[in-house]
Amino acid sequence: MSHQYRKHFTPLESNPSLFTSLAHTIGLSPALEFHDVLSLHDADLLSLTPRPAHALIIVFPTSPNYEAELTTKDKDITQYTSSGDNEPIIWYKQTINNACGLYAILHAVSNGHARDFIIPNSHLYQLLTTCTPLNPRDRAAFLENDTNLEAAYKTVALQGDSAVPENPEDEVDFHYVCFVRSPKNGHLYELDGDTNGPINLGKFEEDDLLSERGLRVLKEFIEKTECEGGVSLLALAPAE
């Protein structure tokens, strides 16, 4: 990315165990975990993922033209300025380089019914309490300065098996985007901290994001992003 980041993190491997570990460390109940979604087409493999899926995180390789694609997408997205309990979802602008895994986790656990599984008075609970009334710029600054969140993230990020850049300022070729449903208005949202704001994908009646319509949305995203190769998908769902 060409953004001028003020802080840089070691990338987080797209591993459901690592995502779960970080989410639990900061305050998500053990009743929810991240799971691999093994297929969008094979019903038998799809059935192995627990339901309902409260949030989905797609991980995909960025193309050489990804920066231009983001610029094009942002032309259709109004710069997000909302805040407070009345907004249908909470969105975090990404201002930490290579931390898109962290922002995807925060988007997943901060929205929808996943919020019902946040442990009271945990760090995540306090983070949401603080961030909810803030505008996106101040939310971003709060996350940058959250030393406890940074420490928890670094501990988990260093446990991955994948090779990561020795220099956190080096760019990586994978990106994370989260999909959540807002119970407030019943709409599905695409949340990417690198864009101007959340993308409202319209009415979504089901609580399970791996429903037939949810699968169509994911397939369309993969097709539009031209990220057929190397795509993986994580679902935030009940623990097994």
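Side notes on the structure shown:
- The residues of the stretch 225-240 that are touching a Pro at 6+ places or on another chain (Cβ under 7 Å), at pLDDT 95 or above and either open to solvent by 10 Å² or more (accessible area, probe 1.4 Å) or not in a strand (DSSP E or B) (or both), listed by number, are P238, A239.
- Remark: E212 matches the filter, which requires a residue to be closer than 18 Å to L234 by Cα, open to solvent by 70 Å² or more (accessible area, probe 1.4 Å) and modelled with pLDDT of 95 or more.
- Note on the stretch 182-209: residues that are open to solvent by 40 Å² or more (accessible area, probe 1.4 Å) and either of a type in the set (G, A, S) or part of a strand (DSSP E or B) (or both) total 4.
- Near pairs, Cβ below 7 angstrom, 6+ apart or cross-chain, from the stretch 108-137 (outside any helix (DSSP H, G or I)) to any residue that is of a type in the set (F, W, Y) and surrounded by fewer than 22 Cβ atoms within 10 Å (Cβ to Cβ): I118/Y125; I119/Y125; L134/F142
- Yes/no for A152 being of a type in the set (A, V, I, L, M) and either at pLDDT 95 or above or part of a helix (DSSP H, G or I) (or both): yes
- Of the criteria (1) within 23 Å of E226 (Cα to Cα); (2) at pLDDT below 95; (3) buried (at least 17 other Cβ atoms within 10 Å of the Cβ), which one D173 fails: (3)
- Residue match in the stretch 169-185 (condition: among the small types (G, A, S) and more than 15 Å from the chain's Cα centre (by Cα)): no
- Of residues in the stretch 128-162 being exposed (fewer than 14 other Cβ atoms within 10 Å of the Cβ) and of a type in the set (A, V, I, L, M), the one farthest from F19 (Cα to Cα): A151
- Any chance L46 is under 22 Å from F221 (Cα atoms) and either over 18 Å from the mean Cα position of the chain (by Cα) or open to solvent by 20 Å² or more (accessible area, probe 1.4 Å) (or both): yes
- Residues that are part of a helix (DSSP H, G or I), in contact (Cβ under 8 Å) with a residue 40 or more places away in the chain and not aliphatic (A, V, I, L, M) are absent from the stretch 86-99 altogether.
- Selected residue (criterion: nearest to P61 (Cα to Cα)) from residues of the stretch 8-39 that are at pLDDT 95 or above and of a type in the set (D, E, K, R): D36
- Whichever residue in the stretch 1-38 is over 19 Å from the mean Cα position of the chain (by Cα) and among the polar types (S, T, N, Q) and, among such residues, is farthest from T155 (Cα to Cα): S2
- When the stretch 97-146 is limited to residues that are basic (K, R) and more than 19 Å from L28 (Cα to Cα), the one that is nearest to the chain's Cα centre (by Cα) turns out to be R139.
- Note on the stretch 101-118: residues that are open to solvent by 10 Å² or more (accessible area, probe 1.4 Å) and of a type outside the set (F, W, Y) amount to 5.
- Residue list for the stretch 1-21, restricted to those being of a type outside the set (S, T, Y) and in contact with a strand residue (DSSP E or B) (Cβ under 9 Å, 6 or more places away or on another chain): M1, H3, R6, K7, H8, F9, P11, L12, N15, P16, L18, F19
The values are calculated or read from the model by the stated rules, or taken from the named source; none is laboratory data. Please read these numbers as outputs of a predicted model, since none were measured by experiment. Glycine also receives a Cβ, built like all others from the backbone with ideal geometry; neighbour counts cover every protein chain displayed. The accessibility values were calculated without ligands, DNA or RNA, using every heavy atom of the protein model including side chains. Shrake-Rupley method; radii C 1.70, N 1.55, O 1.52, S 1.80 Å.
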